[in-house]
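Down below is the structure, laid out as structure tokens.
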Amino acid sequence: MKRTDTFILIVISALALMVAPSLSAQETIPEGYVLVDSVVYRPSAAVDTTLAGQDVFMVMPSKAAGGKADVDITQPTEVAEALRRQVYSNEDRPLNGYRVRIFFDNKQTARVESEETLKRFESLYHDVVAYRTYANPYFKVTVGDFRTKSEAVKLLERIKREFPSAFVVKENIEFPVVDKSNAYVVDTVKVLRPRTVQ
């Protein structure tokens with residue numbers, strides 16, 4: 001089953017349970033299907049959201065707010081305003097970094113092979129995010145989000161046995177995960193699957 005099919009089935013089952021909350025789960029399942037538990041690996045938060053939307057100068061410790069000390073920032077208003085403008089003008093700016101390319105091909109079978117490579121990688125390395133892209137005429141699968149080349153090389157060394165043609169590439173990346181030792185969360189969800197005839 002394709003990744004998108006699984007996602008669609010999860011959404012359908014979630015919607016079915018939300019639309020008819022007074023019915024039991026068994027009554028909302030379409031005929032010929034059954035709800036089964038499925039293990040999913042979700043990436044952990046890439047960004048620490050506790051300070052999202054807050055001015056760092058406003059959340060400094062203070063005795064009035066129960067902190068152990070007062071932190072007092074003295075700066076000209078022009079500097080504070082220039083910093084604020086810089087942050088807002090670069091909000092949507094892509095983040096440059098490195099990834100490891102594990103597939104790169106343009107054969108007629110490249111679409112299927114890239115999907116298989118992505119699935120194989122995701123089954124082996126739950127803690128590393130993978131991306132499948134198409135840039136005419138090439139299908140590509142790249143993995144990881146690293147700010148430095150040395151971090152990407154560490155992953156390359158780790159996966160080289162399973163993906164011998166892998167290499168490091170410079171790309172725009174997503175924010176890397178905050179806690180690398182807990183890069184993903186294992187969860188169980190209910191998924192609609194066709195009932196098997198026995």
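May I ask you to list the residues in the stretch 139-148 that are modelled with pLDDT under 95 and either surrounded by fewer than 17 Cβ atoms within 10 Å (Cβ to Cβ) or out of contact with any Pro (no Cβ under 9 Å at 6 or more places or on another chain) (or both)?
Listed by number, the residues that qualify are R147, T148.
Could you please find all residues in the stretch 132-154 being touching a helix residue (DSSP H, G or I) at 6+ places or on another chain (Cβ under 7 Å) and more than 13 Å from E113 (Cα to Cα)?
V143, G144, F146
Every residue in the stretch 117-138 that is part of a helix (DSSP H, G or I) and surrounded by 13 or more Cβ atoms within 10 Å (Cβ to Cβ), please.
The answer is T117, L118, K119, R120, F121, E122.
Hey, can you tell me all the residues within the stretch 83-113 that are closer than 24 Å to F175 by Cα and either part of a helix (DSSP H, G or I) or of a type in the set (K, R) (or both)?
L83, R84, R85, Q86, V87, Y88, S89, R93, R99, R101 - these are the residues of the stretch 83-113 that are closer than 24 Å to F175 by Cα and either part of a helix (DSSP H, G or I) or of a type in the set (K, R) (or both).
Identify the residue in the stretch 171-192 that is part of a strand (DSSP E or B) and either in contact with a Ser or Thr (Cβ under 8 Å, 6 or more places away or on another chain) or modelled with pLDDT of 95 or more (or both) and, among all such residues, is surrounded by the fewest Cβ atoms within 10 Å (Cβ to Cβ).
Result: T188.
Each row is one residue, and each column tells you yes or no for (1) at pLDDT 85 or above; (2) hydroxyl-bearing (S, T, Y); (3) in contact with a Cys (Cβ under 9 Å, 6 or more places away or on another chain).
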site: T28; (1), (2), (3): no, yes, no
site: T49; (1), (2), (3): no, yes, no
site: D55; (1), (2), (3): no, no, no
site: N106; (1), (2), (3): yes, no, no
site: E113; (1), (2), (3): yes, no, no
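Can you name the residue in the stretch 57-79 that is assigned to a helix (DSSP H, G or I) and more than 33 Å from the chain's Cα centre (by Cα) and, of all such residues, is modelled with the highest pLDDT?
Once the filter is applied, the top-ranked residue is E78.
Got a number for residues in the stretch 72-102 being in contact (Cβ under 8 Å) with a residue 60 or more places away in the chain and of a type in the set (A, V, I, L, M, F, W, C)?
3
The values are calculated or read from the model by the stated rules, or taken from the named source; none is laboratory data. Keep in mind the model is a prediction, meaning the values are calculated, not measured. Note that we place each Cβ from the backbone using ideal geometry, even for glycine, and neighbour counts take in every protein chain shown.
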